[in-house]
1. Which numbered condition in (1) buried (at least 19 other Cβ atoms within 10 Å of the Cβ); (2) away from every other protein chain (no Cβ under 14 Å) is the only one that B:Ile100 fails?
2. Taking the range A:43-67, which residues are more than 15 Å from A:Met245 (Cα to Cα) and within 14 Å of chain B (Cβ to nearest Cβ)?
3. Give the residue that is nearest to the other protein chains (Cβ to nearest Cβ), with candidates limited to residues of the range A:70-96 that are part of a loop (DSSP other than H, G, I, E, B) and open to solvent by less than 10 Å² (accessible area, probe 1.4 Å).
4. Output the number of the condition that B:Arg312 fails; it satisfies all remaining conditions of (1) within 11 Å of another protein chain (Cβ to nearest Cβ); (2) open to solvent by less than 30 Å² (accessible area, probe 1.4 Å); (3) among the charged types (D, E, K, R).
5. Please go through the range A:203-227 and give me each residue that is within 8 Å of another protein chain (Cβ to nearest Cβ) and open to solvent by 10 Å² or more (accessible area, probe 1.4 Å), ordered by number.
6. If you check every pair at least six apart or on different chains, which have Cβ atoms under 6 Å apart with a residue in the range A:345-356 that is without any contact (Cβ under 8 Å) to a residue 60 or more places away in the chain and farther than 21 Å from B:Gly30 by Cβ first and a residue that is open to solvent by less than 10 Å² (accessible area, probe 1.4 Å) and assigned to a helix (DSSP H, G or I) second?
7. Out of all the residues in the range B:211-260, which are within 30 Å of A:Asn74 (Cβ to Cβ) and assigned to a helix (DSSP H, G or I)?
8. Take the range B:262-309 and flag every residue that is within 14 Å of chain A (Cβ to nearest Cβ) and touching a Gly at 6+ places or on another chain (Cβ under 7 Å).
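The values are calculated or read from the model by the stated rules, or taken from the named source; none is laboratory data. These numbers come from a predicted model, not from an experiment. FYI the Cβ positions are ideal-geometry reconstructions off the backbone, even for glycines, and counts take in every protein chain you see. Remember, those area values only see protein heavy atoms, side chains included, never the ligands or the DNA or RNA. Shrake-Rupley method; radii C 1.70, N 1.55, O 1.52, S 1.80 Å.
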Number of protein chains: 2
Amino acid sequence: MHSYVDYQSAKPVDPRVREVMLPYFHERFGNPSSLHGEGDEAAKVLEECRRTIASFINAEPDEIIFTSGATESNNLALIGYASRNREKGDHIIISEVEHISIHNIAKYLEKNGFKVSRLPVDQYGKINMKKLESRITPQTILISIGYASNEIGTIQPISEIGQLAREKGVTFHSDAVAAEGLIPLDVKRDHIDLLTLSSNDIYGPKGVGVLYMRKGMRLNPVIIGGGQERGLRSGTENIAGIVGMSKAVEIMQREMKEEVKRLAQYRDRFIKNILERIPKSHLNGHPTERLANNAHFRFEAIEGESLLLSLRDAGVSAATGSACSSKTLEPSHTLISTGLLHEEAHGSLEFTFGRFNKEEDVDRVIEVLPAIVDRLRKLSPLYKEEMPT
Amino acid sequence: MHSYVDYQSAKPVDPRVREVMLPYFHERFGNPSSLHGEGDEAAKVLEECRRTIASFINAEPDEIIFTSGATESNNLALIGYASRNREKGDHIIISEVEHISIHNIAKYLEKNGFKVSRLPVDQYGKINMKKLESRITPQTILISIGYASNEIGTIQPISEIGQLAREKGVTFHSDAVAAEGLIPLDVKRDHIDLLTLSSNDIYGPKGVGVLYMRKGMRLNPVIIGGGQERGLRSGTENIAGIVGMSKAVEIMQREMKEEVKRLAQYRDRFIKNILERIPKSHLNGHPTERLANNAHFRFEAIEGESLLLSLRDAGVSAATGSACSSKTLEPSHTLISTGLLHEEAHGSLEFTFGRFNKEEDVDRVIEVLPAIVDRLRKLSPLYKEEMPT
């Protein structure tokens, strides 16, 4: 038996999604810009997909821009907005627990003359609204705060941030990749101006994403060319991929409620059992305001990587943190921001459940993990059973 | 019967390509950055694909950067190179007959302080080596000239350009999208430093492309984030798409010679028949140095769009020019550059054959086109049968 519990790193495409994509590879392959039957069909499908995806977040179809994925959407949101609206101000606020793409884009903007504030978070990884408000200056043009952490699963007060930003006349971007499919999204309710979505994170194909852009927003393109997506994202449209993302949305809209309930049950049973069965284990992230599929622990006196390899031998695929930074030796910036020491961050492990997990996967990890932790601790010079927690 | 003869706008994915992609959607979905079995498998496949695609152009695997398509590759080549190498100079040379993405990127670079020379072409759309040489100054850092025109099919003297650029110490980029699969590519033979490839143009999936970057080149990324593709192109890798492109390359390497022979026969028979059967018709582009699949005509006293619509009613899908600009009312910049008047450019039509065409498609167009031209001319106030050609 093999248990994949690393859904934040990558998700299998739903077979129902793959099925509807198939004809768009060979039979319905047209370019939406062409003036013939194949082109018209592609143009029509493209607009249907735009409508479906808009309805998922309570947006209008012409507020949806297709991109090659969430990273590109984040680039378009931050670089596209900042470079186009520079005359309004030069200050941007992000949080310390953003996805690595936001952090690296922020560094790029600093090199190009913008000022970036990085909002600290509490021990659970949550931002503080008062602190956010105190950072807003007349020069602030953009706040970018992710809907929830892709690592520790903590959910941010998005509605409150949106309301504050709207009151202050500051544009609000949120990377919703970790939250989509787990939290109902509503850009109007939450006063969101720019929202990043990924296809794969709702079981659609990789290589497709969306940037929601509220009407009236002005952005510069990041990819320049033939003028597709109203000049905001050039390049021939990846219709098969877009059809896949649209189908993934459709399925999610129908099944999300049940799925989230099921995943939250897995998560709660898992967290309870792990904390009970493994001494000196701790939950990272917020105890209640966390994503339904996320369990993130630290185990004293063990290296996360050794744990990961032992789990791997036992047929369990998990993660030490964001896949994007898993091959560096740096500890997770998110965990450090919540106040963990480097060695505590290094002793952390992330489990994320998803659509194709079954009860048995949860049972399995509950069964194998305590013995692995015990064995590794016996080998660890750092661990003393009687040491205080 | 329906005949699609607009392969430059979009190509159906080869069913053999789709077949090998399938397991990478659901069963083999891992993130190459993950430290577990699924991740390792993805990382391994990614490197195999890099090797296959490198061999297609006589490059090394670590000179291949995966992107979301040719437009992005062109952005990375021009913006990435110019912004990174600004201290070497501020002058870039392109030709007047480049793809619209190159033209729009060039405008962006001009807005950002670079100087761009646009090399004129002769009546066939070919650049002149002496003129190119005369434009090179000590400030010239980059020459970007497409391998062949995606509109009129004219092939440029790429090897000569590469040799001149190498002698002058200027970096040479070529967009090979129109040529790939029709001309054997060899970056070493042709002294190419940066080369744009598209997946769909060799019957792979859309949403995938490559930038070849010769060892030693330095570029800034255009998409910033988690540091994939050695920091040059962030975002989770679209493995299914990359596997598809790699399979498309494999098939092309095996079948290209025969395919090109067959397409050139179609083209030659088609051009001969059209010019013979339709009075006052002319071939656009070079009579011999043209892509094996391309036939491009102008018909006096007719609008290309009316022709296109009539062909459409007769079950033939063709194009008035580049799909990227087909929905604007502007005449093709490529045709204007070859010296055509606006009305001549507007009276032009492009036919591009491809892998799934049969002899019958050629016969079909030869059969229906003369009657359509004749009918439209009878309705045209511009046309006089006795007018001199």
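1. Failed condition: (2).
2. Once the filter is applied, which keeps residues that are more than 15 Å from A:Met245 (Cα to Cα) and within 14 Å of chain B (Cβ to nearest Cβ), the range A:43-67 yields only A:Ala43.
3. If we filter the range A:70-96 for residues that are part of a loop (DSSP other than H, G, I, E, B), which is where we start, we get A:85, A:89-90, A:96.
So of that shortlist, the ones also open to solvent by less than 10 Å² (accessible area, probe 1.4 Å) come out as A:85, A:89.
Working: A:Asn85: 16, A:Gly89: 21 Å.
Only one residue fits best here, namely A:Asn85.
4. (2)
5. Residues satisfying the conditions are A:Lys206, A:Gly207, A:Val222, A:Ile224, A:Gly226, A:Gly227.
6. A:Ala345/A:Leu335; A:His346/A:Gly304; A:Gly347/A:Gly304
7. B:Glu229, B:Arg230, B:Gly231, B:Ile239, B:Ala240, B:Gly241, B:Ile242, B:Val243, B:Gly244, B:Met245, B:Ser246, B:Ala248, listed by residue number.
8. Those that are within 14 Å of chain A (Cβ to nearest Cβ) and touching a Gly at 6+ places or on another chain (Cβ under 7 Å): B:Glu303, B:Gly304.
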